[in-house]
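What follows draws every value from the coordinates through simple rules; no lab data is involved. Here the structure is a predicted model, which is why all the values come from computation and not from measurement. Don't worry about glycine lacking a Cβ; one is built from the backbone with ideal geometry, like all the others, and counts go over all protein chains shown.
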Amino acid sequence: MSDTFCPLLYTGIATDPSGGYRPCCRFRQTDSFRGSLSDYKSSEMYKKLEQDFLTGVWPKGCIDCEKNEERNGQSKRLREIANYKSKYKQELDLNHLKSIKYDLVDLRLSNKCNLGCLSCNPKSSSLIFDELKKHTDEHLRHMEIIFNGVKELNLTTPYPDKEINKLFDCVDKTSRIYFTGGEPSIVKGALKFLQRLIDEGYNETVVLEFNSNFQTYNPKFIDLLSHFPKGLMLPSIDAIGTRAEYIRYPSDWNQIQKNIKLFTEKCPTWKMRFAPTISILNIFYLDELVEFCKKNNYDYSFINILFGPEYFNITIMPDKWKDIALEKLKHIPEANGIRKYIYSKETNLDRLQACRTNLNRGDKIRNNDFRKVLPELMEMFNECL
């Protein structure tokens, strides 16, 4: 097997609010197949993808894994190889891979979302999309760029019912099904999919993985999840308290805690793992999140490092501030990946200036003030810019 091969070529299928099909969520969405799922594996796009993987060439859509492996030796591809070996065989078996159904079905069925997280974009958040319709030339730069590319698309219901039915037919009894959004707890297609899994008796055997921001009180959603004994909940939370409310605007920290408590009571067999998006916005406060997780007996991991937009990337900071951030993490073994990555690029004061500029633009629209909740950023800007 080639050094670039990924089992998700055969065992993964991923959707996106902007439409199309691809082998996984990390695959560059602009390179997705545009057409019916029935034609996906016979398409020229898929044939080229397969040829690249089998001959040891990195497909152009797999740049995320390629760069991650160069930077810190971690990637979605490597994790999925480990998942395959743990579930099936000790070595990748091409004939076996071709014979099984999709092992990972990644469902992003809408951009409907009740939050407008700073690092997110209008393709994945209807709240941001609606903001951009009013403030096209005044919002964060990465949001503006993405908005111009998706403003004419149907992001709310990109997949008709017949395509969602085809996605359900891809599910095997032991598949992993990953729901994210938008915010899946308020997406009708996601709730219908869960109900059908229950109706078909798959709820006892499939493994669910869910991202949820826990902002909406939705007992029906949690009741549906309670029918699935095998699940992993990944809260979309980057910090605690007012910092959480700022980074993932306009969330309510008290409501989040209440909803998480309800979930843990109703779904006691599920695993809970906080996997924050690590950026310049929360790098100085991850120790607070760790303390919260330990206090409540929640698992956590720090593998989800933000690479773009670059003005939120942790590598752009001056070394002094990288040192300050790492000092807070020195007793946290799970931060080893951050330690390897944070010095992988030189300080970029132009991007740091862009960070301040964009935060000020977002604050103006949202009547917020980063200086009140992210004081280290304010101090770093004042010292370095």
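Tabulated data
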{"quantity": "Other-chain or far-sequence residues with amide H under 5 Å of Ile305's (modelled H)", "calculated": "Ile278"}
{"quantity": "Packing-based ranking, highest mean first, of 351-363, 290-302 given that Cβ atoms within 10 Å are counted", "calculated": "351-363, 290-302"}
{"quantity": "Cut-off under 5 Å, modelled amide H: who pairs with Tyr178 long-range", "calculated": "Val105, Asp106, Leu107, Glu209"}
{"quantity": "Ascending count of other beta-carbon atoms within 10 Å, so fewest first, for Met380, Met1", "calculated": "Met1, Met380"}
{"quantity": "Student exercise, region 225-306 dipole from Lys, Arg, Asp, Glu Cβ charges, in Debye to nearest 20", "calculated": "320 debye"}
{"quantity": "Exceeding the 29 Å Cα-Cα cut-off - candidates Lys85/Lys220; Lys76/Lys322; Lys67/Lys192", "calculated": "Lys85/Lys220; Lys67/Lys192"}
{"quantity": "C-alpha long axis of helix 141-150 to longest principal axis of the chain, angle in °", "calculated": "30 degrees"}
{"quantity": "Note, ³J(HN,Hα) from phi for region 226-242, Karplus 6.51, -1.76, 1.60, rounded to Hz, x at Gly and Pro", "calculated": "5, 7, 10, x, 10, x, 10, 9, 10, x, 7, 9, 9, 6, 10, x, 5"}
{"quantity": "Long-range HN-HN contacts of Met272 with modeled amide H, under 5 Å", "calculated": "Met233, Asp299"}
{"quantity": "Tail weight of P(r) past 35 Å, computed on alpha-carbon pairs of the chain, percent", "calculated": "25 percent"}
{"quantity": "Cysteines without a disulfide-compatible neighbour (Cβ-Cβ under 4.7 Å), the chain", "calculated": "Cys6, Cys24, Cys25, Cys62, Cys65, Cys113, Cys170, Cys267, Cys293, Cys355, Cys384"}
{"quantity": "For Tyr311, Tyr343, order by how many other beta-carbon atoms lie within 10 Å, fewest first", "calculated": "Tyr343, Tyr311"}
{"quantity": "Two-decimal ratio, region 212-322, of alpha-carbon radius of gyration to 2.2 N^0.38 Å", "calculated": "1.14"}
{"quantity": "Inverse of mean 1/r across different Cα pairs in region 91-197, Kirkwood, Å", "calculated": "15.5 Å"}
{"quantity": "Extent along principal axes [Cα atoms of region 272-377; Å; largest to smallest]", "calculated": "38, 32, 21"}
{"quantity": "Backbone HN-Hα couplings from phi across region 43-59 [Karplus 6.51/-1.76/1.60, Hz, Gly and Pro as x]", "calculated": "6, 5, 4, 5, 4, 5, 4, 5, 4, 4, 4, 6, 9, x, 9, 6, x"}
{"quantity": "Exposure proxy ranking, count of Cβ atoms within 10 Å, fewest first, for His139, His227, His331", "calculated": "His331, His227, His139"}
{"quantity": "24 Å Cα-Cα reach of Lys328 towards lysines, excluding residues that sit fewer than 8 places from it in its own chain", "calculated": "Lys294, Lys295, Lys320, Lys340, Lys345, Lys372"}
{"quantity": "Residue-by-residue Karplus 3J(HN,Hα) for region 286-303, coefficients 6.51, -1.76, 1.60, Hz, glycine and proline x", "calculated": "5, 5, 5, 5, 4, 4, 4, 5, 5, 4, 9, 6, 9, 7, 7, 8, 10, 9"}
